[in-house]
Structures are given as C-alpha cells and as structure tokens.
Amino acid sequence: MKVLANQYRVADLCAAFAVSRSGYYAWRTRLPGPRQRGDVELSAHLCRVHAESRQTYGSPRLLQALLQQGHRTSRRRVRRLMRQHDLRTQRPRRFVPQTTDSRHDQPVAPNHLAVRPSPTGPDQQWVTDITYVRTSESWLYVAAVMDRWSRRIVGLAMAEHMESTLVKRALQQALGQRRPARGCLHHSDRGSQYASADYRQLLTTHGLTASMSRAGNCYDNAAMESFWGKLKTELVYRQHFATRQQARLAIFEYVEVFYNRVRLHSALGFKSPVDFEQQLN
C-alpha cells in the first residue's frame, strides 16, 4: 500500500481496501516488533556467513554456522530469510569422476580399503587421486592426498603434466607434514603413476601399505571423488582461468584457506577438517 500511496489518494486506497485512515497511519508509524527486529539482526549475520562461505552454503550449513556462533534459529527461518534476501548457492553440476589409465603392466595392489574398518584417528588411511582443470593456456593437472578420517587435504601438487613426478610431489608433501606411523593405508586408483616403480618405492620407504581400487571403479575412492566434486563446483566452474598460474593460486587458496580451515563438513559434525583434528588436543 505504501507504493500505491505514491500514485493514488490515501482516502481512495483506504476505501478500496476497507481500512480506516487512522488504522492505515497507525500501521505506517508502528515500530517493528521483537520478531521483526530479530529478523533484521539475524539477516545481517546470515548474509555475512553466506558471504564467508563464498556463496557455497545452503540452509543446512548456514544453520549450523549460525548455531555455532550462538544465534538461536531454525532451518525454516533460515530458508525464509534466504529467500527474502535472495541468498543462493551454486547449484552443483553433475560431476563424472575420471579415472587415470590403468592399462599398464605394473604390479597392482589389492583393495585393502574395502575390507578395513573406517579410521578412528589421523594418518591411519590416506586416499589420493588426480584431476585436471581447463585454462586458456592448456590443462592444469592436480594431485591431492587426503586424510580419510578428517577429510583434510595433507598433500597438494600441480603441474602441466600427469606423470608420476606429480603424484610423488603430492605424497612427499603429505609425508613432510604428517609423518604417519608405519602401516598407514595409502589408497589410489590403478593409474600407471601410482603403480610406477619409483612411487611404489616411496611407499615402501615410508612404511605405507598400498591399496588400489577395482579396475575402472572410481567410486571405491569416494572421499577423493567427493572432494574433486566440491573443488569443481565451488571454484573451478565458477570462473575462467586465463593461465595455469592463475588456476594454481586459486586452487591452493581454496584448499588451504577455505576447504581445510573454514568449510563445514556434514560428515565431520559440521566442523572444518582442521577444527575436527584439533578436537584431539
């Protein structure tokens, strides 16, 4: 009615809507109630959390973030305020995992991951994989090592190629940071990079137990494939990379600043990997 009042006489509008002029003016001057004031305050926090999530959180994670910060609310209220402020998340594209070439004559390790119980602490089971990112220069290949217990990326390497030196650098970074006990399970696909003699020697030297997925079955490594899906949806598909260096910097920042330290994971009780690991201390 406020908008219409700029075009029509108030008396005519009141008659049309069957309200008194005194009631209309009382409504216009009425102070917002406690719930309206609460919505205004909560909306400010909601918009801030949504921005800090890089517009990646939907209502479940936004709700958990607000609750962790001491704001009492519900998912229904969060969803209502999201609609009111047009807060949207990036809709995930269908991510089809790609496996590396397993057609080689190198030794293949059995799938120990399928028969072992879930890890109960850090550095008991590591999973690793390779993906690729398009840039205007050409492809950038990315190798990562994840601690399956905390979902933390503990090793990350990028290169213009997908040779065995790429995956070795990712593993060496993980070994330098974490120093797992002998017997830590190392799971990958059957790609030639992971089956190469120098990579197998690196595993043996550090006492890691090799494990590989079934042939052509990328879902045996579901935790890594889930991470790639997040990386692609929340970063790669949202921008164009002119150079490989631009992509390198963006991926490193996403992993080390956002994914490991900020992003809430439902599988971790809505904690970030770093916060989840710090529970042990």
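Values quoted throughout were computed directly from the atomic coordinates according to the rules given, and no laboratory measurement underlies them. All figures in this text were calculated on a predicted structure; none of them were measured in a lab. With ideal geometry, Cβ positions are generated from the backbone for all residues, glycine too; neighbour counts draw on all protein chains shown.
On C-alpha positions alone, give me the angle between the axis of helix 59-68 and the longest principal axis of the chain, in degrees, nearest 10. Helix 59-68 sits roughly 90 degrees off the main axis of the chain. Can you work out the base-10 log of I(q)/I(0) for segment 116-170 at q = 0.12, 0.13 1/Å, using the Debye formula on its C-alpha atoms alone? Those come out to -0.33, -0.38, one per q. Return the label of the correct value of volume of the Cα convex hull per residue in Å³, as calculated from the structure shown, out of (1) 172; (2) 144; (3) 128. Here volume of the Cα convex hull per residue in Å³ agrees with entry (1). Helix 222-234 axis versus longest C-alpha principal axis of the chain: approximately 50°, rounded to the nearest ten. Sites count as exposed loop sites when they are GluC sites (Glu not before Pro), lie in a DSSP loop, and have at most 14 other Cβ atoms within 10 angstrom; the longest stretch of the chain without one is 1-136.
Evaluating 6.51 cos²θ - 1.76 cosθ + 1.60 at θ = phi - 60° for every residue in segment 43-52, the Karplus couplings come out as 4, 5, 5, 4, 5, 5, 5, 4, 5, 5 Hz, glycine and proline recorded as x. Shown for Ser213, Ser196, Ser43: other C-beta atoms within 10 Å of each C-beta, ranked fewest to most, produce the order Ser43, Ser196, Ser213. Residues whose amide H lies under 5 Å from that of Ser272, counting only those 5 or more places away or on a different chain, are His265; hydrogens are built 1.01 Å from N in the peptide plane. A compact globular protein would have a Cα radius of gyration near 2.2 N^0.38 Å; the ratio found for segment 170-279 is 1.22.
Given the DSSP H assignment, sum -39500 (n - 2.57) over each helix run of at least 4 residues in the chain and divide by its residue total; what's the result at 222 nm in deg cm²/dmol, nearest 500? Spell out each step's value before the answer.
Working: 11 runs with 113 residues, N = 281.
Taking each H run of at least 4 residues, the total per residue is -12000 deg cm²/dmol.
Provide, as a two-decimal number, the C-alpha radius of gyration of segment 219-275 over 2.2 N^0.38 Å, N being how many residues it has. It would help to have the intermediate numbers written out before the result.
On the way: Rg = 12.4 Å, N = 57, 2.2 N^0.38 = 10.2 Å.
Cα-based Rg divided by the globular estimate yields 1.21.
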